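**Q** Right, I'll just put the structure down here and ask away after.
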Amino acid sequence: MKLAIIGTGYVGLITGACFAEFGYETICIDKDEKRVNELNNSKCPFFEPGIEDLLNKHLNKTKLLSFSSSLSNSISNADIIFITVGTPSKRIEGEADLSYVWNVADEISKNINKYCVIVTKSTVPVGTTREVQNIISKKIHEENFDIVSNPEFLREGSAINDFTRPDRVVIGCENKKSEEIMRELYKPLNLIDTQIVVTSIETSEIIKYASNSFLATKISFINQVANLCEKVGADIQDVAQGMGIDKRIGAKFLDAGPGYGGSCFPKDVKAFINTADKNDIDLSILSAVDKFNDGRVVEITNKIISKSNLKKGDSIALLGLSFKPNTDDIRDSTSLKIAKTLNDMNIKIQSYDPVAMKNAKEENPFLVLCSNAYEACNNAKVIIIGTEWNEFRALDFKKINKKKNKLYIFDLRNIYSPKELKELGFDYFGTGK
Ligand code: UDX
Ligand code: UDX
């Protein structure tokens, strides 16, 4: 089975490298020639644990993996073609921008010359896969291709594990022929009894949006309950634990924080709301989730300013710039939203992140980059733990010299307990505690 993957972002690159790991000859295509050259030298354009070893293994040892910037030369003998280009939010009303998908679908239709399965793997609104079929059938007879929806559920920072050990594989298809081909493709996962959900194309597209939207709902819910806990003196982590033991609720995605960020939840929630609006369906729960999350980082920033009486000219330490640990992705990073607001107040942002400083500085030149957490804390009036990197979990607070007798710590991810830091003389503020 020969595979072609179009678009080498998080979804495309991980998909290609992991299918090579499954033993398939896989070519990954990207219009960005610089990116293709880097990839052919096993250099990944983003930080993802384990990806460069996987690229190196399948580029140089098994030679199952290759990269090209020419779509026309690369897909003609593919049995399955995956569309994994970005589907960013449009400015207006959060609608997904599908121009890349349409463009790729048109290019595919000009370059296939044998039966193949064409798969939408990027997160695409319901109806997109059907539209891809319409575009391709303008040039290719419907007998000579099938379309499939096969959404991806990987998380950045654990992408390889999520792809190779998924909870489930979702396949939306419309005939036995394409179903059998997709089952054959994912056969290596039978070894670990992965559940394969086969359904209609529209159902598959909705499963993806509904899953991301539900996870985002859990986060906005626990963040609102966290505000109540602060008011009444309860502890949100204990609340989440007490809730999560109930298997119907589940313990995951109940960590209170500054709100969800990243390249998926914010855009996918807005796109799903847009789909509901277009179909005149009430999905107002999700509008509340989205609206609260947009305001969450503002309320957290205001709390930091008011509780520490931050003023123009003060210095703060910002630990963690990426939107989550184990990635250098800063898309919709809550840490950087906080940094921008404080910078507008002429506050000096001494910042440190294990891997995301380069990306963060490019977009936010005002950041003062430090070589470690302790340097960032030097002479700071406030320490903000913005992203829960493991290396922030055991800071030696005695090494942090307190310029004045007051040093405020805002632990946005509840890494520490109030007791231990108050005993060290810090003014500690958790989230929901
Ligand atoms: C992915 C999925 O596309 C998105 O639906 C999901 O919600 C998040 O993960 P990502 O992999 O991060 O997005 O995509 P992105 O980082 O935007 O990279 C897409 C790649 O496709 C880029 O390298 C771009 O150069 C390439 N591309 C885009 C093409 O090769 N051809 C095109 O026509 C458009
Ligand atoms: C998400 C989905 O988890 C994944 O299945 C989908 O394919 C892509 O989108 P990702 O965006 O990489 O993955 O990161 P995730 O770990 O889900 O975190 C998303 C955001 O939610 C981050 O900003 C994170 O800080 C936040 N979050 C997550 C919380 O605030 N609390 C939690 O309990 C979990």
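Bear in mind these aren't lab numbers, they're just calculated from the coordinates by the rules spelled out. Computed from a predicted structure; not experimentally measured. In this analysis, Cβ positions are derived from the backbone assuming ideal geometry, glycine residues included, and neighbour counts consider all displayed protein chains.
**Q** Treat each spin label as a single point 7 Å out from the Cα along the C-beta direction, and report the Ala210 to Glu33 distance in nm.
**A** Taking the two extended label points, one gets 4.6 nm.
**Q** Taking amide H positions as placed in the peptide plane 1.01 Å from N, state which residues far from Ile384 in sequence (5 or more) or on other chains have amide H under 5 Å from it.
**A** Ala317, Leu318, Leu319, Phe410
**Q** Continuing with this model, one more query. Using DSSP H assignments, which helices in the chain have an axial alpha-carbon span of 27 Å or above and a mean Kyte-Doolittle hydropathy of -1.0 or higher?
**A** 201-232, 284-308
**Q** Summing +1 for each Lys or Arg and -1 for each Asp or Glu, what net charge is found among the other residues whose Cβ lies under 15 Å from the Cβ of Leu64? Write out the running numbers ahead of the final one.
**A** Working: positive: Lys2, Lys57, Lys61, Lys63; negative: Glu21, Glu25, Asp53, Asp79.
Net local charge, Leu64 excluded: 0.
**Q** Return the long-range amide H neighbours of Leu369 (sequence gap of 5 or more, or a different chain), with a cut-off of under 5 Å between placed amide H atoms.
**A** Here Ser351 satisfy the definition.
**Q** Oh, and also: In a GNM of the chain with a 10 Å cut-off on Cα contacts, which of Val170, Val232, Val382 has the highest mean-square fluctuation?
**A** Residue with maximal mean-square fluctuation among Val170, Val232, Val382: Val232.
**Q** Using unit Cβ charges (K, R positive; D, E negative) and no other charged atoms, how large, in debye to the nearest 20, is the dipole of segment 2-199 about its Cα centre?
**A** Approximately 320 debye in magnitude.
**Q** Can you give the local net charge around Glu174? Use residues other than it whose beta-carbon is closer than 11 angstrom to its beta-carbon, Lys and Arg +1, Asp and Glu -1.
**A** After counting each charged neighbour, the total is -1.
**Q** Same structure again: With an 8 Å cut-off on Cα pairs and a minimum separation of 6 or more residues, tell me the relative contact order of segment 200-433 in percent.
**A** So the answer I get is 20 percent.
**Q** For q = 0.10 Å⁻¹, what log10 I(q)/I(0) does segment 328-433 give under the Debye formula with an equal point scatterer on each alpha carbon and no solvent?
**A** Taken in order of the listed q values, log10 I(q)/I(0) reads -0.27.
**Q** Can you list the residues, at least 5 places off or on another chain, whose amide H is less than 5 Å from the amide H of Ser68, using H built in the peptide plane?
**A** Here Cys28, Ile29, Asp30 satisfy the definition.
**Q** If I build a Gaussian network model for the chain, linking alpha-carbon pairs within less than 10 angstrom, which residue out of Ile338, Ile206, Ile249 has the largest mean-square fluctuation?
**A** Ile249
**Q** With θ set to phi - 60°, apply the Karplus curve 6.51 cos²θ - 1.76 cosθ + 1.60 along segment 82-88 and write out the HN-Hα couplings as whole Hz, x wherever there is a Gly or Pro.
**A** Using θ = phi - 60°, the values come out as 9, 9, 10, 8, x, 10, x Hz.
**Q** So if I place +1 on the C-beta of Lys and Arg and -1 on the C-beta of Asp and Glu, and nothing else carries charge, what would the dipole magnitude of the chain be about its Cα centre? I want it in debye, nearest 20.
**A** 1420 debye
**Q** Hey, fewest Cβ within 10 Å first, where do Met182, Met1 land in order?
**A** So the residues, fewest neighbours to most, are Met1, Met182.
**Q** Can you compute the FRET efficiency between Trp102 and Leu228 using 1/(1 + (r/R0)^6), with r the Cβ-Cβ distance and R0 = 45 Å? Round to the nearest 0.05.
**A** Approximately 0.50, to the nearest 0.05.
**Q** Okay, moving on. Do any GluC sites (Glu not before Pro) in segment 5-52 lie in a DSSP loop with no more than 11 other beta carbon atoms within 10 Å, and if so, which?
**A** none
**Q** Here is a follow-up. Could you sort the peptides 283-290, 417-424 by per-residue average Cβ neighbour count (10 Å cutoff), highest mean leading?
**A** Details: 283-290: 17.4, 417-424: 13.2.
Answer by packing, highest mean first, reads 283-290, 417-424.
**Q** Hey, another quick one. Chymotrypsin sites (Phe, Trp or Tyr not before Pro), restricted to segment 345-433: which are DSSP loop and have at most 16 other Cβ atoms within 10 Å?
**A** Counting only loop positions with at most 16 other Cβ atoms within 10 Å, the chymotrypsin sites (Phe, Trp or Tyr not before Pro) in segment 345-433 are Phe366.
**Q** Something else: Can you figure out the FRET efficiency of Arg393 with Asn56, using R₀ = 35 Å and their beta-carbon distance, to the nearest 0.05?
**A** For R0 = 35 Å, the calculated efficiency reads 0.70.
**Q** What order do you get for Asp282, Asp411, Asp32 when you list them from fewest to most C-beta neighbours inside 10 Å?
**A** Values: Asp282 9, Asp411 24, Asp32 14.
Ascending number of Cβ neighbours within 10 Å: Asp282, Asp32, Asp411.
**Q** Would you order Phe214, Phe221 from fewest to most other beta-carbon atoms within 10 Å of each residue's own beta-carbon?
**A** Phe214, Phe221
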